[in-house]
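One structure is given here, and the rest of the page talks about it.
Only the coordinates and a few stated rules stand behind these numbers; no lab work does. No experiment lies behind these values; they were computed from the predicted model shown. A quick note on method: Cβ atoms are made from the backbone with ideal geometry, for glycine too, and the neighbour counts reach across all protein chains shown.
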Amino acid sequence: MKEVNNIQEYCSNLTSYQRWPTREVMVGDVSVGGSNPIRIQSMTTTDTMNTDETIEQSIRMIEAGCEIVRITAPSIKEAKNLELIHHGLRKRGHNTPLVADIHFTPNAAEVAARIVEKVRINPGNFADRKKFELHDYSDRDYENELERINNRFSPLVKICKEHGTAIRIGTNHGSLSDRILSRYGDTPLGMVESAMEFIRICEYWNYYDIILSMKASNTQVMVQAYRLLVKKMADESMNYPLHLGVTEAGDGEDGRIKSSVGIGTLLEDGIGDTIRVSLTEEPENEIPVAKILAARYDRGFSTDSLGRINSLPYDPYFHSKRKTMKVNNIGSENVPRVFANLSNLNIIKPEDLSSFGYLYSKDKDKWHLSDQAVDYIYVGDNKIEFELPGTLSIVQNSAAWDNNIFSYPVFDIDSYEKASARSDILNFIFVEEKIYTDEINKLLIEDKTVVVILMNSDAHSIMVQRKFIIDMMNRGVRVPVIINRTYNTSANLDFQLKSSIDIGSLLIDGLGDGVWLEFGSDKGLVNQTVFGILQASRMRISKTEYISCPSCGRTLFDLQDTTSKIREVTNHLKGLKIGIMGCIVNGPGEMADADYGYVGTGSGFISLYKGQDLVKRNIPTDRAVDALIDLIKEHGDWTDSVPV
Ligand code: SF4
């Protein structure tokens, strides 16, 4: 376990919100970084050569609140066409800055840099063709490689300097160069070093209009990479603004939850000056999500005085779950447990469990469990008068506890101290206190049957709950903690995004042995959200993961339609990761750790990957989903879905 002695390595203050101070960089008229609001941006999905469609889509994005519009420029031809798009938008009264998105083509970047307000380059492929080969680079070879990059990148830096164009050095976890992979591996450190190579070239030319990003589809990797980048910048007296995003987050609820876990965790750390929520949907759909995330942090917030944290008992750059005791099936190596509340019902019937993943068939007298079946149900003072499936346990108020083999009592701190009857196996304690006191410590430290349910209903809870658990850790208390959060908002989206941040950020730091959310009356939505957050933070896998790109002007098929077709036939393959990528240029690298890949290779054709290996080429689109199923079957990863 690493002790971070100077917490300001990556976060100004872990108990009082402060934005990490960055320099201001102008992107056209929009100032990014410094004390400016967190800027919202997105990317078009149209063909860049289709000027009218790209202008129309850009306007829809701008009207939704997009402050910076990115457009792909795969070659010089598209880069040149940015001029028509730029002009068309200005003619329609929109001064929103444009960004050219560049992969592999320095010459297109040099054209675009004279037209648009910002150029995004990917340091993994700006001057490198990815061959997925690992070489043993001697120091001399490595220096030669850097010299080669310097020669390719310097002309662009000089053009940007001359034209007042900003550059985003946008590292992606999935597309690190073979050079970086060989030296640093597929790691957050490799991502940071990949950007550093390019930053040093910019600084050599006294060019500082730089914005940085460290995107990954894996939220843990993404958070670690940004934190490490901030630490590295602080070490080297740099302060460039940060653009946050989770790549290939997917669509619908999954994409929203995953983006919120990654982006929100960093915003809570005070990291991030501009955000892009990447969804496999129309780009204007990304904006309301981004607005909710940014608004939560734009004006800052304060919490009760918690005292400062000067050292951490865990490593914020490397995920590892807090070491806790095993109490019944909670804590230690167990997956985080999921809790649900049915205490509002006087009489609980089998059908009341259907929202929590348990379907009862009267005819067969049998329970069917979904992959999102909860572990504990809180019934308050009530009882359950029917036989429960063996995977489900009951939490009862201590005064009403009936002490059968599936039920466990819950106390508050006072009543636990005075209790005459306790379970020999598992006792829950509701803890509403925000400060971890000597009294609480005394109660917990020797008890091997206790699990704390740490409650909070404030607008911002992360700092309070994190500090409480850190204090437990610092005192050597290994009692498991269930994170309990109540939301008073009435909007489903608001609830889903905020709970994803609040729970996801703790889970990413390895804190929390279970989750219990309270919101509204839609129990199914709450349950789906909890399992979505656990999946997005990679702590408990309950469904298929889709790593689908948001699509852009390079996309060669209808990505939204295809994603939903693939989802329809594979959504029962729990734990499998399927990459669905719009183009062969970036797709294979960007789908990172997908088990199978479905990648557009040309108009009307798809190629299929097993891991990073291309296994079937140029399959006509109308047969490609079936071919994907065959491939999954060939490798023994297919199971038939079980009808309920
Ligand atoms: S992977 Fe998708 S978003 Fe990325 S460049 Fe290719 S088509 Fe565009």
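Here are a few things to note about the model shown:
- Length gained on full extension, Met49 to Ile629, computed as 0.36 nm times the residue gap minus the Cα-Cα distance: 205.4 nm.
- Three-way shape label, the chain, alpha-carbon gyration tensor, a/c 1.5: prolate
- Of the trypsin sites (Lys or Arg not before Pro) found in region 29-107, those in coil by DSSP whose Cβ has at most 14 other Cβ atoms within 10 Å are Arg92.
- Asp139/Lys565 FRET efficiency (R0 51 Å; Cβ-Cβ; nearest 0.05): 0.55
- Between helix 139-163 and the chain: long-axis angle, C-alpha atoms, 0 to 90°, nearest 10: 70
- Placing a label point 7 Å from the Cα of Asn404 along the Cα-to-Cβ direction, the residues of region 340-376 whose backbone N falls under 13 Å of that point are 348-350.
- Under Karplus coefficients 6.51, -1.76 and 1.60, residue-wise ³J(HN,Hα) of region 481-488 in Hz, glycine/proline x: 10, 9, 7, 10, 10, 10, 10, 9
- In degrees, nearest ten, helix 188-204 long axis to first principal axis of the chain (Cα): 30
- Chymotrypsin sites (Phe, Trp or Tyr not before Pro) lying in DSSP loop within region 362-461, provided at most 10 other Cβ fall within 10 Å: Phe386
- Only beta bridges with both residues in the chain are counted; by DSSP, about 25 percent of them are antiparallel.
- FRET efficiency, Glu433 to Asp315 (Cβ-Cβ, R0 22 Å, nearest 0.05): 0.20
- Stretchable slack from Ser354 to Ser641, in nm (0.36 nm times residue separation minus alpha-carbon distance): 101.4 nm
- Loop chymotrypsin sites (Phe, Trp or Tyr not before Pro), region 542-644 (other Cβ atoms within 10 Å of the site Cβ: 11 or fewer; DSSP): none
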